[in-house]
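Accompanying notes for the structure given below.
Read-outs throughout are calculated quantities, based only on the coordinates presented, and are distinct from any laboratory measurement. Note that the structure is a prediction, hence the values are computed from the model and not measured. With ideal geometry, Cβ positions are generated from the backbone for all residues, glycine too; neighbour counts draw on all protein chains shown.
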Amino acid sequence: MHRSFVLGLSLFTALALAACTTNGESNGITGPAATAGSLQTLVDVTTGLDVTAGGTGTWNWAGQSFVVPGSGSFGDLRFHWYAFQKTPAAFGRLYLLTQEFLGVPGDLGPSTPGFVARSEGIADNVYVFAPQATISGGTKYWVYTDAQGAFAGSFDTDIYPGGDMYLTGYHANPFRKAQASGRMVNGVYVPPPPGVFIDANFKLQARPR
């Protein structure tokens, strides 16, 4: 009788576990692994990042506009600036907008015109957005930071035709589109090329929806 009880209990336990698995309540699949599609690189601007020391960098509040390639929508957004060693850089929080912002960093927030989303954290020097924040292919967006940091960018060349860099070096000054700079060549100042706006080095990744 004892053996029959044990066998009956084992059979009941096995059936209960099978029922749980069938209902999908204990399969353990959560987060990105359960999301259709893989993380894709949408924009990756690395022009000029072939130096290991020195170079032209900046310490500012940062901004950049970009156009999402292709069509459809994308979520699980990841974004980072680059340091000159081609390593990711992220500081403060990143605000994603559908229009240009020329205010001061302290005015960034959910009530900012064109607000889409704000990064929820930084992982491995990469801004991470909530899964429900989405962007659309063929659409132009702007991102801005609410803190100062170091990042790499072009000096007098438009390295990304899909957008432009924005920056400010003081919290009370508004963001401005970054114009090309002049440079010294053999002791002679060469003015910047007229009408040229420069770009930050950055990478945008997302998952197709």
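At-a-glance table
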item: Loop sites in segment 117-209: chymotrypsin sites (Phe, Trp or Tyr not before Pro), DSSP, at most 11 other Cβ within 10 Å; result: 170
item: Proximal aspartates and glutamates relative to residue 140, as straight alpha-carbon distance under 12 Å, when same-chain residues fewer than 8 apart are discounted; result: 100, 164
item: Three-way shape label, segment 71-178, alpha-carbon gyration tensor, a/c 1.5; result: rounded
item: Proximal aspartates and glutamates to residue 86, defined as alpha-carbon separation beneath 13 angstrom and excluding residues fewer than eight positions away on the same chain; result: 44, 50
item: Amide H within-cut-off set for residue 151, under 5 Å, with H built and near neighbours excluded; result: 58, 60
item: Built amide H within the under 5 Å cut-off of residue 99, gap 5+; result: 142
item: Relative contact order %, segment 52-176, counting alpha carbon pairs below 8 Å whose residues are six or more apart; result: 44
item: Under the Karplus curve 6.51 cos²θ - 1.76 cosθ + 1.60, θ = phi - 60°, whole-Hz ³J(HN,Hα) for segment 162-179, x wherever Gly or Pro sits; result: x, x, 9, 8, 10, 7, 8, x, 9, 4, 8, 9, x, 4, 9, 5, 7, 8
